[in-house]
Structures are given as C-alpha cells and as structure tokens.
1. Scan region 40-97 residue by residue and report those that are of a type in the set (K, R) and crowded, with 19+ Cβ neighbours inside 10 Å.
2. Return yes or no: is G110 part of a loop (DSSP other than H, G, I, E, B), more than 17 Å from the chain's Cα centre (by Cα) and modelled with pLDDT under 95?
3. Give the residues of region 20-74 that are outside any loop (DSSP other than H, G, I, E, B), over 18 Å from L159 (Cβ atoms) and charged (D, E, K, R), sorted by residue number.
4. Filtering region 134-161 down to residues that are assigned to a loop (DSSP other than H, G, I, E, B) and touching a residue at least 24 places away in the same chain (Cβ under 8 Å), which residue is nearest to L91 (Cα to Cα)?
5. Mind telling me which of the residues F213, F254 ends up being touching a residue at least 60 places away in the same chain (Cβ under 8 Å), surrounded by fewer than 18 Cβ atoms within 10 Å (Cβ to Cβ) and either within 30 Å of G80 (Cβ to Cβ) or not assigned by TED's automatic domain parsing to the domain that holds E104 (or both)?
Amino acid sequence: MALFLAACGTGSGDNENKGSNESVAVQDNFKLELISEKTQYKVGEELKITANLTYSGEDEIDIEHGGSWIFLNTTNVTKGYKFTGAMNQPLIITKVKPNEPLIEPYHFSGGTYFKENGGNPYTDNEFEQMASMNFPPGKYRIEGVTEFNIIGEKTRYRLKAEILFEVTKSEASAGTEEIQLLTAEEVEIFERAVNNSKKEAGIVNMADAQYQFILGEESYFLWITEESGTIMNEKDTHSIYRLSNSSVKEMKPFVK
C-alpha cells in the first residue's frame with residue numbers, strides 16, 4: 001500500500017539557510033531547526049541529523065498536531081526519488097515548555113512508489129535499502145515540516161526547513177571490493193558475523209583485503225575463502241578476528 005503525507009494549512013515561516021548542513025525556519029515565537037553534523041557521509045555511516053522545535057514564549061503551552069509534531073521527508077536528488085511519510089495517526093497533543101526544544105532524530109519514512117507524490121519510480125529493493133538506513137551513494141535532501149496550532153487559538157503554524165548532504169563510497173585499497181549491504185536482513189547477517197568472531201593472538205601481517213563493508217560508523221576489511229574468514233576493523237589494524245563457520249557460510253553469497 002502506498003504511503004503519503006497529507007499536509008494542509010498555509011505559510012511556511014521565514015526560512016534562513018545556514019549552509020547545506022543547517023536550516024532554520026521561524027514563525028512568531030516558534031523556531032524549527034534541521035541540523036546535520038556533516039555534509040558528507042560514507043555508505044553505511046549513521047546519519048546524525050536532528051529536528052528541533054523551540055518555543056520562545058513566556059508560558060507553557062499545548063500544541064495540537066496530526067501523527068507527529070515533525071515529518072521528515074527524504075529525496076534522493078541524484079536519482080529523483082521522493083520518499084514521503086504518511087500522517088497515519090489521530091490528532092495528538094504535545095506539551096511545549098519555553099526554550100526547551102522538542103528534539104526528533106532523523107528516521108527514514110516513506111513507502112512504495114506513489115505516482116501522486118512525484119519523482120521517479122523506485123523499486124521495492126531500493127526502498128528497503130533506504131528503510132534500513134543504508135543510503136546508496138548520491139546527493140540527498142531532507143525536508144522537515146511541522147504543522148500545528150496552539151490549543152485555544154486559531155492561528156495555524158507551519159514551518160519548513162531542508163538540508164542537503166551527500167553519501168559517498170568509502171575509500172578502499174586498490175583491489176579491495178566494497179560489499180554493499182542493501183537490506184536490514186543483509187546488515188543483520190554481517191552484524192552477527194562481527195559479534196560472533198573471535199580475536200586472534202599474535203602479530204598481524206596481512207595482505208590487502210579482498211573486501212570491505214560498513215556497519216554503522218565502523219568499517220571492516222574482509223578476507224574470505226570457502227573454508228574460513230577473517231575480519232579487521234579499519235580503526236584497529238593491529239588485530240584480526242576469525243569468523244565462525246556459520247558466518248562464513250552466510251557471507252559467501254555476497255562475494256565472488
């Protein structure tokens with residue numbers, strides 16, 4: 001079933017773009033900030049993006065909104081894919097205190113391709129890769145939209161901010177092939193392999209790795225044969241870890 005965001009109301013507040021990693025929108029006593037810690041991430045790296053809504057009035061208030069106080073819509077600018085979240089919950093009331101921001105970390109939202117959302121068609125596999133928060137290389141835009149009213153008042157508030165960032169391939173040694181983990185299931189296989197590996201004693205002297213893969217903020221080198229496998233964390237090149245036989249079997253379909 002296709003998912004979509006139903007937005008209503010007018011006005012988006014005054015928007016001040018502070019570069020590609022921070023955007024601020026202001027309407028009356030409300031300020032929406034959309035912030036990314038970086039303008040460029042590696043494939044598989046955690047996206048450190050947050051949305052903050054701050055109220056600068058004098059008294060505590062209650063705001064009324066649908067589903068969530070913030071919707072974070074994602075566009076793959078490189079391929080023209082638009083992933084739009086859905087307002088699929090009833091009206092919700094959130095308490096807001098002066099100068100104590102509401103904070104929401106970025107999370108991917110969207111669904112299968114829906115023509116009315118615009119953008120180019122994408123496959124279920126491409127959607128699943130995005131949903132697993134493992135964005136493929138490319139340029140991206142995150143649009144944060146908040147729409148609400150203060151209980152007891154008629155004014156409708158609508159603020160929108162957007163940021164741009166890029167996802168790039170990690171740098172691998174010549175001859176080292178990067179393994180792209182496209183779904184949550186694939187990520188789980190490699191996470192299990194890392195967690196079940198055993199550290200090898202002794203001095204490490206390894207040839208260039210055959211493969212490289214990324215889990216969150218960690219990058220690993222991989223050496224693998226039909227019978228055995230070894231990994232090394234890119235941050236600790238003095239230690240290697242032996243993979244279990246079951247992990248080798250699970251990882252073999254990912255290599256040539």
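1. Let us first name the residues in region 40-97 that are of a type in the set (K, R), namely 42, 48, 79, 82, 95, 97.
Within region 40-97, just K82 meets the criteria.
2. On the way: part of a loop (DSSP other than H, G, I, E, B): yes; more than 17 Å from the chain's Cα centre (by Cα): no; modelled with pLDDT under 95: yes.
Judged against the criteria, G110 is not a match.
3. Within region 20-74, just K42 meets the criteria.
4. Our first condition is that a residue be assigned to a loop (DSSP other than H, G, I, E, B); within region 134-161, this holds for 134-137, 151-155.
Within this subset, residues satisfying the condition of being touching a residue at least 24 places away in the same chain (Cβ under 8 Å) are 134-137, 151, 155.
Details: N134: 31, F135: 32, P136: 35, P137: 37, I151: 12, T155: 17 Å.
The residue in question is I151.
5. Values: F213 fails: surrounded by fewer than 18 Cβ atoms within 10 Å (Cβ to Cβ).
Exactly one of F213, F254 is touching a residue at least 60 places away in the same chain (Cβ under 8 Å), surrounded by fewer than 18 Cβ atoms within 10 Å (Cβ to Cβ) and either within 30 Å of G80 (Cβ to Cβ) or not assigned by TED's automatic domain parsing to the domain that holds E104 (or both), namely F254.
The values are calculated or read from the model by the stated rules, or taken from the named source; none is laboratory data. Quick caveat: nothing in here was measured; it's all calculated off a predicted structure. Note that each Cβ is placed from the backbone with ideal geometry, even for glycine, and that neighbours are counted across all protein chains shown.
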